[in-house]
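The values are calculated or read from the model by the stated rules, or taken from the named source; none is laboratory data. Bear in mind that the values here come from a model prediction, so they are computed numbers and not experimental data. FYI the Cβ positions are ideal-geometry reconstructions off the backbone, even for glycines, and counts take in every protein chain you see.
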Amino acid sequence: MTSVIKAADANISSAEIKTNADNRAVCTFEIEVRDLGHLNSMINALLKIKKVIKVQRLKTSQKSNEPELA
């Protein structure tokens, strides 16, 4: 995943990897993109990775600083 992000010329600001009860990794990346088109192209590239099941855009709430679905 990180190589796809790097190849798309985006910057990873932070990363968090957790495993769930099914022993699947849940990876959360905060990335810097140029614009919405750049973000959409990166989401599509990540979805092409064989083991990637889902890619979601999250936004940070101004009040809680916790990610939430966009």
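For the range 3-32, a residue qualifies if it is in contact (Cβ under 8 Å) with a residue 24 or more places away in the chain and of a type in the set (Val, Ile, Thr), and the qualifying residues are Val4, Ile5, Thr28, Ile31. Kindly establish whether Lys63 is at pLDDT below 90 and outside any helix (DSSP H, G or I). It is true that Lys63 is at pLDDT below 90 and outside any helix (DSSP H, G or I).
Taken together, the residues in the range 1-16 that are loosely packed, with under 10 Cβ neighbours inside 10 Å and under 18 Å from Arg57 (Cβ atoms) amount to 2. Counting the residues of the range 31-44 that are closer than 14 Å to Asp9 by Cβ, more than 11 Å from the chain's Cα centre (by Cα) and either part of a helix (DSSP H, G or I) or at pLDDT 95 or above (or both) gives 3.
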